[in-house]
Amino acid sequence: MAKVKPEFRVYNSMTKQKEVFKSMVEGKVGMYICGVTAYDLSHIGHARAYVAFDVLYRFLKYLGYEVVYVRNFTDVDDKIIKRANEVGKDSTELSRSFCIEFQNDMNDLQCLVPTHQPRVTDHMEQIKEMIVQIIDNGCAYVVEGDVYFSVDKSPNYGILSGRKLEDNRAGERVAVDDRKRNPADFALWKSAKPGEPFWDSPWGPGRPGWHIECSAMSAHYLTPTFDIHGGGMDLIFPHHENEIAQSCAACSESRINYWMHNGFVTANDEKMSKSLGNFFTIREATKRYHPLALRHFLLGTHYRSPVNYSISQIEISSESVFYIYQTLHDCEVALSGFEESASESGKKIRISPAAQESINKLRDEFEAKLSDDLHTPTVLNSSLQEALRFMNTCMNTLKVTGVDFFTTV
Ligand SMILES: [Zn+2]
């Protein structure tokens, strides 16, 4: 009889607690992870987020779910336009080239390819349709070709981040735009400015604000109601808060059951950022080390905890990855001798009870720990180490005594 797998529990940023995961449709999961704004090579913080959600994607598949995984590309944005103007390139063209670089990094890190990787510039119709719905439902207004979302029309604004509208006003550092009805209102559509790419719309030429793309593209690929929405912790406010407000304003049925967020990457215990000069691209790390060393390093910390990027830690991960593959290689060599002699004598190889026990233990611990909100560090640093030690002990015994963890019958 097949062993029953443990219940999968995930930390939900909405309810601030671990919950048993239950998909809306039995056996199927829809998940949307906010992707990169493609204007430069991706950094270690990106690697962290997408490796963490790759583990989630793989584990859901391991549990038997059919998963539709959507991860977008932001290919129109202030930063992209600025960079394109600096280098004298078309912004969409510039962005597409960095999307390819990002996909190369993800391949190196052995992240599975999502089911859909939509780009904003390919979904203008869906975005405009959603803005029309929000305006029709009385939750947005047009000012001189710009469209703003009216936060006062969103009764649950702050539900994810816990922020109150008054807090936002108090913390404001930017000049108040007096065309907004409430300083916290945010742009759904920005009217075209000279030198910027634009698309026609009912409100005149322009381009979408940042937040609306994820609401429109998630609804397009997964319907307005789906299971998991994720991204970095820095996206909780304002990005995800605004997404909830927009999606609910466009469609009252909109619901996401689990919000999942990964922690920051720090360098020398300070938040990694360009301005502090402690900023590393994925490419810099993978030039020096095997990409799996970076993946191993990132998964050595629980995805919600901060992780401190340090060369010495990557060195340790690099050695660990080498040890894993060396052990597997040695095992294959040791086994091949057995396979040969077994086939010559017409016998079958049977795994010894001690080896079977070790395999079962590793699988049970893997399932238990991954089911506990994807607790990868214990699996990598303890369970897997124990199994590797067992394999090496067996191989040493084989060398010394000829007695083995495999027997023939
Ligand atoms: Zn997003």
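The values are calculated or read from the model by the stated rules, or taken from the named source; none is laboratory data. Quick caveat: nothing in here was measured; it's all calculated off a predicted structure. Every residue, glycine as well, gets a Cβ built from its backbone with ideal geometry; the counts of neighbours run over all protein chains shown.
Among the conditions (1) within 16 Å of the ligand (Cβ to nearest atom); (2) not assigned by TED's automatic domain parsing to the domain that holds residue 230, the only one that residue 99 does not satisfy is (2).
Yes/no matrix, rows are residues, columns are (1) touching a residue at least 24 places away in the same chain (Cβ under 8 Å); (2) of a type in the set (S, T, N, Q); (3) in the same structural domain as residue 220 (by TED's automatic domain parsing); (4) within 16 Å of the ligand (Cβ to nearest atom):
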position: 5; (1), (2), (3), (4): yes, no, no, no
position: 17; (1), (2), (3), (4): no, yes, yes, no
position: 24; (1), (2), (3), (4): yes, no, yes, no
position: 28; (1), (2), (3), (4): yes, no, yes, no
position: 31; (1), (2), (3), (4): yes, no, yes, yes
position: 36; (1), (2), (3), (4): yes, no, yes, yes
position: 44; (1), (2), (3), (4): yes, no, yes, no
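Exactly one residue among 334, 355, 387 is crowded, with 17+ Cβ neighbours inside 10 Å and in contact with a strand residue (DSSP E or B) (Cβ under 8 Å, 6 or more places away or on another chain), and that residue is 355.
Looking at 310, 320, 343, which is the one that is within 30 Å of residue 234 (Cα to Cα) and either touching a Gly at 6+ places or on another chain (Cβ under 6 Å) or not β-branched (Val, Ile, Thr) (or both)? Before the answer, list the steps.
On the way: 320 fails: within 30 Å of residue 234 (Cα to Cα); 343 fails: within 30 Å of residue 234 (Cα to Cα).
Of the residues listed, the single one that is within 30 Å of residue 234 (Cα to Cα) and either touching a Gly at 6+ places or on another chain (Cβ under 6 Å) or not β-branched (Val, Ile, Thr) (or both) is 310.
So which residues in segment 184-233 are over 18 Å from residue 123 (Cα atoms) and in a strand (DSSP E or B)? Across segment 184-233, the qualifying residues are 186, 225, 226, 227, 228, 229, 230, 231, 232.
Out of the residues in segment 93-142 that are of a type in the set (Val, Ile, Thr) and touching an Asp or Glu at 6+ places or on another chain (Cβ under 9 Å), state the one that is nearest to residue 72 (Cα to Cα). Walk me through it before giving the result.
If we filter segment 93-142 for residues that are of a type in the set (Val, Ile, Thr), which is where we start, we get 100, 113, 115, 120-121, 127, 131-132, 134-135, 142.
So of that shortlist, the ones also touching an Asp or Glu at 6+ places or on another chain (Cβ under 9 Å) come out as 120-121, 127.
Details: 120: 8, 121: 11, 127: 13 Å.
Checked segment 93-142; the qualifying residue nearest to residue 72 (Cα to Cα) is 120.
Would it be correct to say that residue 58 is in contact with a Leu (Cβ under 8 Å, 6 or more places away or on another chain), basic (Lys, Arg) and away from the ligand (no atom under 16 Å from the Cβ)? So residue 58 fits the description; yes. Does segment 257-265 contain any residue that is closer than 24 Å to residue 305 by Cα and at pLDDT below 95? Among the residues of segment 257-265, at least one is closer than 24 Å to residue 305 by Cα and at pLDDT below 95, which makes the answer yes.
I need the full set of residues from segment 194-215 which are at pLDDT 95 or above and either within 23 Å of residue 24 (Cα to Cα) or more than 15 Å from the ligand (Cβ to nearest atom) (or both), in order please. Once the filter is applied, which keeps residues that are at pLDDT 95 or above and either within 23 Å of residue 24 (Cα to Cα) or more than 15 Å from the ligand (Cβ to nearest atom) (or both), segment 194-215 yields 198, 199, 200, 201, 202, 203, 204, 205, 206, 207, 214, 215.
Can you work out which of the residues in segment 216-257 that are closer than 22 Å to residue 66 by Cα and within 11 Å of the ligand (Cβ to nearest atom) is surrounded by the most Cβ atoms within 10 Å (Cβ to Cβ)?
Here is the first cut: in segment 216-257, the ones closer than 22 Å to residue 66 by Cα are 217-231, 254-257.
Of the ones still in play, those that are also within 11 Å of the ligand (Cβ to nearest atom) are 217-218, 229-231.
Values: 217: 25, 218: 26, 229: 28, 230: 24, 231: 23.
Residue satisfying both the conditions and the ranking: 229.
Among what's in segment 292-313 and is buried (at least 22 other Cβ atoms within 10 Å of the Cβ) and more than 18 Å from residue 382 (Cα to Cα), pick the residue that is farthest from the chain's Cα centre (by Cα). Selected residue: 309.
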